[in-house]
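The values are calculated or read from the model by the stated rules, or taken from the named source; none is laboratory data. It should be emphasised that the depicted structure is a prediction, and the values quoted were computed from it without experimental measurement. Please note: Cβ atoms are built from the backbone with ideal geometry, for glycine as well, and neighbour counts cover all protein chains shown.
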Amino acid sequence: MKTIQKKDRPIGVFDSGLGGISVLKELMYLLPRENYIFYADAAHTPYGERSIEELEALTTRAAETLIQEGVKAILIACNTATSAAGQALREKHPELPIIGIEPAVKPAVLSGGHPTVVVMATHATLRQEKYRKLLEKYKNQGNIYSLPAPGLVTFVEQGELDTEAVRSYIREGIKGLSIPDNKIDAVVLGCTHFPFVRSAIESVVGKEANVYDGAQGAAQEMKRRLKAQELLSERTETGTILWQNSKGEEAYNKKAEGMLALLKAHTLRE
Ligand code: DGL
């Protein structure tokens, strides 16, 4: 059997469900000639209400599935899994580039003028030490409000993206923050599911608010790491995506493929 050169092996991208597709899309934009395996832990979604111990176990299992498939690098396309288990995973597999994603609080706060920033994420992400440290670091440069929005993960998994139910869920959440004059300068999408409901979020907070997510930054970091380790593929044709999920459901893979197409159709970046 012909052995595949390490640089031609796929990149593994993993999330609890469909959210990680918002990161996969950025990776494909930046690294179109790479092959990808997208693995959704559909049997255990949502992650956002789980304990750190559970998240560590699930993240390790998902990463090991990808490692067995021969991936050359992993992108944990899930804020929740990154904050709970990213470091432990890196320590366990020091030979492998493992990139994570975290709420893009920094660019939102540093956008200037002591902004009012709403960080939307899962309960598990907002509870973590990693997030507390991030808040500590930027708390003097803006008014930062943290909003757990687990319901949005469920909406996205059900394919419900911009309905009145979604908008009203967001409206209630924002109302609960009691922000003076309802003036919001920036929203951080601290969960990879949330770019799918971006237009519903914008319709509630207003178009003037800047929206930030960490997908581009994570994709750039992956490119930088692969380049540094001379692992970028030299293939000349466009890469492929292999869809997998822990339920082993072909219907879920089809749904994931459809979500990627939808995301590509609704943004300017291809
Ligand atoms: N997409 C995930 C994140 O970025 C987790 C969503 C969930 O399973 O609760 O946090």
Condition check for L226: in contact with a Lys or Arg (Cβ under 9 Å, 6 or more places away or on another chain), surrounded by 16 or more Cβ atoms within 10 Å (Cβ to Cβ) and closer than 19 Å to K72 by Cβ: yes
Residue match in region 130-153 (condition: within 16 Å of R198 (Cα to Cα) and of a type in the set (S, T, N, Q)): no
Check on S199, farther than 19 Å from Y29 by Cβ and touching an Asp or Glu at 6+ places or on another chain (Cβ under 6 Å): yes
Pairs with Cβ under 6 Å, 6+ apart, first in region 186-212 and farther than 18 Å from I144 by Cβ, second surrounded by fewer than 22 Cβ atoms within 10 Å (Cβ to Cβ) and acidic (D, E): S199/D162; A200/D162
Residues of region 142-161 satisfying the condition of being more than 13 Å from the ligand (Cβ to nearest atom), buried (at least 17 other Cβ atoms within 10 Å of the Cβ) and either of a type in the set (S, T, N, Q) or part of a loop (DSSP other than H, G, I, E, B) (or both): G142, S146, L161
Residues satisfying the stated conditions in region 62-86, i.e. assigned to a loop (DSSP other than H, G, I, E, B), surrounded by fewer than 24 Cβ atoms within 10 Å (Cβ to Cβ) and either free of Cβ contacts under 8 Å to residues at least 12 places away in the same chain or not charged (D, E, K, R) (or both): G70, V71
Residue count for region 3-24, restricted to those that are under 15 Å from G100 (Cα atoms) and either part of a helix (DSSP H, G or I) or within 12 Å of the chain's Cα centre (by Cα) (or both): 10
Residue within region 103-124 that is among the β-branched types (V, I, T), outside any helix (DSSP H, G or I), within 24 Å of V156 (Cα to Cα) and under 13 Å from the mean Cα position of the chain (by Cα) present: yes
Residue in region 96-115 that is β-branched (V, I, T), modelled with pLDDT of 95 or more, within 19 Å of A209 (Cα to Cα) and within 16 Å of the ligand (Cβ to nearest atom) present: yes
Positions within region 162-189 being touching a Leu at 6+ places or on another chain (Cβ under 8 Å) and within 21 Å of A215 (Cβ to Cβ), in sequence order: V166, I170
